[in-house]
Structures are given as C-alpha cells and as structure tokens.
Amino acid sequence: MPLVPIFDLDGTLLDSDDALNAPFAALGVDLNRVRMGLVLEEACAELGVRVADYLAHYDVTAAAAFPEVTDLVVKLGRWAVCSNKEVRSGMAELARLGWEPEVAMFADHFGGPKHLGPVADALGVGSQDVLFIGDTEHDRRCAQAFGCRFALAGWNPRASAVAGDLVLDRPLDVLDLLE
C-alpha cells in the first residue's frame with residue numbers, strides 16, 4: 001500500500017506567516033513575541049489577545065500556496081490535512097484554493113493541539129501507512145508520537161532541521177516518497 005501523505009497547513013502547504021502575524025500586528029503585539037505552530041487559543045493567551053479579536057482581523061485570502069504546492073495536490077490520490085489552525089479559517093482557505101483533501105482536521109476537532117491518530121482513523125490507515133509533512137518541532141513530535149514517518153517542509157525557509165530529519169527541498173519531492 002502506498003503511503004498516504006498528511007500535511008500540516010500553515011508553513012507547509014501555505015506560505016502563511018505574514019497572514020498569521022497580521023492580526024497580531026493590527027492588535028499591537030510585538031511580532032518578535034509570536035511563536036509559530038501553536039493552537040490559536042494558546043498563542044492568543046500567551047500574547048494577551050482575545051481569540052475573537054484575532055479572528056476579526058484574520059484575512060483568509062492573504063496566504064498563498066508555496067510554489068509547486070498546487071501542482072503537488074492535483075497529483076495526489078489520497079491526502080489529508082492535520083492543522084492547529086481554527087477550523088473555519090482552514091476550511092475557507094482550502095475552499096478558496098480548490099483543494100479537496102480526503103480528510104481535513106483542525107484544532108477544533110482535537111480540542112487542542114493536533115494529533116495524527118484521528119486523521120489516520122478517518123482515512124482508515126495505520127501509522128505505517130502515513131507520511132506526515134510539516135514545518136515545526138510540534139509537527140515532528142506529532143509524527144513521533146503517532147509512530148509514522150516525518151518529512152520536513154524544507155521549502156519553508158523558517159523550517160529548521162534536526163539530526164535524522166528527512167528534509168524535502170520542494171513540494172513535488174513528496175511524490176517520490178509515496179511510491
């Protein structure tokens with residue numbers, strides 16, 4: 001059975017750092033204090049911002065796909081999204097881009113930080129059948145906790161590799177790992 005890719009959304013499929021930071025900037029937060037990859041509630045609490053205020057400033061049209069990502073997703077058979085993003089924003093962005101993963105789960109579905117088990121269950125696959133692609137330490141830990149392969153989205157200049165990481169230089173490199 002070929003591996004089923006599960007992708008983080010922000011920083012992996014979407015070049016979204018500016019879009020994610022814009023609401024914090026609009027609310028007067030020093031962007032040097034923002035840590036990427038957190039669940040929205042955690043980030044807002046850490047920065048002293050109400051989630052509703054953040055969402056009122058978030059523009060679901062602002063983030064663009066990284067180069068080659070759209071080329072990648074149209075070539076995939078089965079694929080999924082597992083993200084710490086708030087569900088309404090995540091679904092709106094997927095719809096805007098015309099992307100239709102088989103499963104898309106967000107922080108709201110997990111009641112906190114993302115984890116791969118429910119996504120794999122919805123896909124009907126086990127950990128040995130999954131490749132998780134992400135850009136943060138949290139993504140790496142998610143893959144380790146689930147016991148699946150992890151690939152770092154090296155096309156994101158912010159992604160930082162650690163020893164043992166499989167680093168992908170471009171999104172289309174994912175296809176070579178699925179065979």
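Observations, loosely collected:
- Apart from one condition, LEU97 fits all of (1) within 24 Å of ARG35 (Cβ to Cβ); (2) of a type in the set (A, V, I, L, M, F, W, C); (3) surrounded by fewer than 22 Cβ atoms within 10 Å (Cβ to Cβ); the exception is (1).
- The set of residues in the stretch 46-86 being aliphatic (A, V, I, L, M), part of a loop (DSSP other than H, G, I, E, B) and within 13 Å of the chain's Cα centre (by Cα) consists of ALA63 alone.
- Applying the set (1) in contact (Cβ under 8 Å) with a residue 12 or more places away in the chain; (2) in contact with a Pro (Cβ under 8 Å, 6 or more places away or on another chain) to PHE110 leaves exactly one unmet item: (1).
- Flag if ASN21 is polar (S, T, N, Q), on the phi < 0 side of the Ramachandran plot and not in a loop (DSSP other than H, G, I, E, B): yes
- Odd one out for GLY98 among (1) small (Gly, Ala, Ser); (2) touching a Gly at 6+ places or on another chain (Cβ under 6 Å); (3) under 25 Å from ALA22 (Cβ atoms); (4) without any contact (Cβ under 8 Å) to a residue 60 or more places away in the chain: (2)
Residue by residue, here is whether (1) surrounded by 15 or more Cβ atoms within 10 Å (Cβ to Cβ); (2) of a type in the set (Ser, Thr, Tyr); (3) over 18 Å from PRO2 (Cβ atoms); (4) out of contact with any strand residue (DSSP E or B) (no Cβ under 6 Å at 6 or more places or on another chain) holds:
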residue	(1), (2), (3), (4)
LEU131	yes, no, no, no
THR136	yes, yes, yes, yes
GLN144	no, no, yes, yes
PHE150	yes, no, no, no
TRP155	yes, no, yes, yes
ASP165	no, no, yes, no
LEU168	yes, no, no, no
PRO171	yes, no, no, yes
ASP176	no, no, no, yes
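- Listed here are the helices (runs of 4 or more DSSP H) enclosed by the stretch 87-179 that have at least 1 residues being at pLDDT 95 or above: 87-97, 116-123, 137-146, 174-178.
- Figure legend. Inter-residue proximity from the stretch 154-175: first residues in contact (Cβ under 8 Å) with a residue 40 or more places away in the chain and closer than 19 Å to LEU14 by Cβ, second residues part of a loop (DSSP other than H, G, I, E, B) and among the hydroxyl-bearing types (Ser, Thr, Tyr), beta-carbon distance below 7 Å, spacing 6+ or different chains. Indicated pairs: ASN156/THR12.
- Consider the stretch 19-46 and keep the residues that are without any contact (Cβ under 8 Å) to a residue 24 or more places away in the chain and crowded, with 18+ Cβ neighbours inside 10 Å. The one that is nearest to CYS142 (Cα to Cα) is ALA43.
- Lone qualifier among GLY111, GLY77 - being closer than 17 Å to ILE6 by Cα and loosely packed, with under 14 Cβ neighbours inside 10 Å: GLY77
The values are calculated or read from the model by the stated rules, or taken from the named source; none is laboratory data. The structure presented is a predicted model; accordingly, all values stated were derived computationally and were not measured. Heads up, the Cβs are rebuilt from the backbone with ideal geometry, glycines too, and the neighbour counts pull from every protein chain shown.
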